[in-house]
1. Which one of these is within 17 Å of the chain's Cα centre (by Cα), among the small types (Gly, Ala, Ser) and part of a helix (DSSP H, G or I): A:133, A:129, A:93?
2. List every residue pair whose Cβ atoms sit under 6 Å apart, with the two residues 6 or more apart in sequence or on different chains, where the first one lies in region B:114-127 and is under 25 Å from residue A:40 (Cβ atoms) and the second, anywhere, is small (Gly, Ala, Ser).
3. Might you check whether a residue that is more than 16 Å from the chain's Cα centre (by Cα), closer than 15 Å to residue A:34 by Cα and more than 9 Å from chain B (Cβ to nearest Cβ) occurs anywhere in region A:72-79?
4. All but one of (1) open to solvent by 30 Å² or more (accessible area, probe 1.4 Å); (2) more than 10 Å from chain A (Cβ to nearest Cβ); (3) in contact with a Gly (Cβ under 7 Å, 6 or more places away or on another chain) hold for residue B:27; state the number of the condition that does not hold.
5. Exactly one condition in (1) under 30 Å from residue A:138 (Cα atoms); (2) part of a loop (DSSP other than H, G, I, E, B); (3) outside the structural domain of residue A:134 (by TED's automatic domain parsing) is not met by residue A:66; state its number.
6. Need the failing condition index for residue B:11 against (1) within 14 Å of chain A (Cβ to nearest Cβ); (2) more than 14 Å from DNA strand D (Cβ to nearest atom); (3) open to solvent by less than 30 Å² (accessible area, probe 1.4 Å); (4) more than 16 Å from the chain's Cα centre (by Cα), just the number.
7. Can you name the residue in region B:80-90 that is away from chain A (no Cβ under 14 Å) and assigned to a loop (DSSP other than H, G, I, E, B) and is also most open to solvent (accessible area, probe 1.4 Å) among such residues?
8. Can you find a residue in region B:35-46 that is surrounded by fewer than 17 Cβ atoms within 10 Å (Cβ to Cβ), in contact with a strand residue (DSSP E or B) (Cβ under 7 Å, 6 or more places away or on another chain), in contact (Cβ under 8 Å) with a residue 12 or more places away in the chain and of a type outside the set (Val, Ile, Thr)?
There are 2 protein chains.
Amino acid sequence: MNLTEAKAQFIQSWGILGSQWGINRTMAQIHALLVVAAKPLTTEEIMEQLSVSRGNTNMNVRELIDWGLVDKVIIKGERKEFFSAEKDIWKVATLIMYQRKKRELDPMVKVLNQLSEIEGDKEDENVKAFTEAIGNIKKFAGQAEKTLDTIIKAEENWFWSSFIKLFK
Amino acid sequence: MNLTEAKAQFIQSWGILGSQWGINRTMAQIHALLVVAAKPLTTEEIMEQLSVSRGNTNMNVRELIDWGLVDKVIIKGERKEFFSAEKDIWKVATLIMYQRKKRELDPMVKVLNQLSEIEGDKEDENVKAFTEAIGNIKKFAGQAEKTLDTIIKAEENWFWSSFIKLFK
DNA sequence: GCAATGTTTCAATTTATTTTGAAAGTTTAA
DNA sequence: TTAAACTTTCAAAATAAATTGAAACATTGC
């Protein structure tokens with residue numbers, strides 16, 4: 001396998017992985033392309049390399065910038081905008097965790113809090129079972145939240161060792 | 001909010017959360033329904049409560065069983081099959097982690113290993129950059145794998161230790 | 001065996017998501 | 001100010017994913 005094939009393969013696989021995790025394929029592919037690119041790329045180059053329309057490229061690049069995974073780069077003497085990706089995979093993982101926590105875990109916790117306050121006979125077996133189930137999920141969400149905060153704040157070096165300790 | 005409303009709300013939210021993580025909405029909703037159900041439910045009951053077809057219910061229940069999140073329950077004197085969900089949220093989380101690791105992380109690692117072996121001039125800046133990027137991702141994946149194994153094992157230990165306590 | 005009850009499959013349909021591309025908007029340099 | 005270069009938007013079209021439902025298949029009890 002040569003470099004060009006390898007890059008294409010990586011972009012392909014990263015796209016599939018992304019789509020299995022609720023990230024659209026093109027967004028993941030653009031990210032992959034920028035990760036393995038030697039230099040920042042323009043919209044034109046992304047369009048060409050991935051065979052994707054201008055609108056699609058623009059929207060997904062904007063989304064990637066929004067997630068903090070991609071940066072606009074100004075190259076002097078050039079009129080066009082260039083884009084480059086965060087290449088430190090630890091940072092990438094941290095950014096994604098942070099974004100997903102904010103967008104998905106936090107809203108879920110909000111709902112769970114509302115659900116803890118149901119009216120009804122506290123002696124009723126059904127009410128008790130429900131309250132307990134929700135309570136456990138909240139407890140879990142709380143732990144997950146703390147763990148994520150730890151990871152996000154942690155320095156790369158003691159990152160995993162401290163993470164693992166949480167479960168010992 | 002009363003119990004019925006709260007259950008509906010929970011099922012709704014769990015469904016949305018699932019779909020953001022690449023799990024189909026109905027599958028997540030069936031799981032949620034079974035988690036908050038006081039008793040094991042039949043296909044009929046699931047169909048009715050979620051307004052979903054028989055085929056859809058059957059397929060998603062099967063998938064949940066496949067993930068280890070739901071069990072078939074035989075109730076004596078009853079002809080029908082009943083289904084009940086794992087209610088321990090930690091176990092649910094580890095089961096999901098295990099399945100996703102197996103289905104998504106492992107294949108990605110396999111691809112990454114192939115990509116490390118590209119042909120080409122080792123002095124070429126482009127080749128060097130690519131190899132390094134892939135190397136970092138592999139390192140990350142390796143760490144993630146180890147961490148997941150630790151979590152999953154920790155959970156097993158917890159399971160067995162509490163199981164043993166039952167006989168003390 | 002066979003009818004009743006229950007489960008599974010899958011082609012067709014519906015629904016949801018992604019993508020396109022042309023038009024509108026913006027910035028730049030002369 | 002103007003026009004060329006470039007970016008953004010969004011309604012419509014294409015694509016992908018989930019869902020239906022009726023038919024096929026399986027199991028049970030008589």
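The values are calculated or read from the model by the stated rules, or taken from the named source; none is laboratory data. Just so it is clear, the structure is predicted and the values come from calculations on it, not from any experiment. Every residue, glycine among them, receives a Cβ derived from its backbone with ideal geometry; neighbour counts consider all protein chains shown. Please note that ligands, DNA and RNA were not included when accessible areas were found on the heavy atoms of the full protein model with its side chains. Shrake-Rupley method; radii C 1.70, N 1.55, O 1.52, S 1.80 Å.
1. A:93
2. Short answer, once both residue conditions are applied: B:115/A:6; B:118/A:6; B:126/A:38; B:127/B:120.
3. Looking through region A:72-79, at least one residue is more than 16 Å from the chain's Cα centre (by Cα), closer than 15 Å to residue A:34 by Cα and more than 9 Å from chain B (Cβ to nearest Cβ).
4. Residue B:27 satisfies every listed condition except (1).
5. Evaluating residue A:66 over (1) under 30 Å from residue A:138 (Cα atoms); (2) part of a loop (DSSP other than H, G, I, E, B); (3) outside the structural domain of residue A:134 (by TED's automatic domain parsing) leaves (2) as the failure.
6. (2)
7. The extreme case among them is B:80.
8. No, the conditions are met nowhere in region B:35-46.
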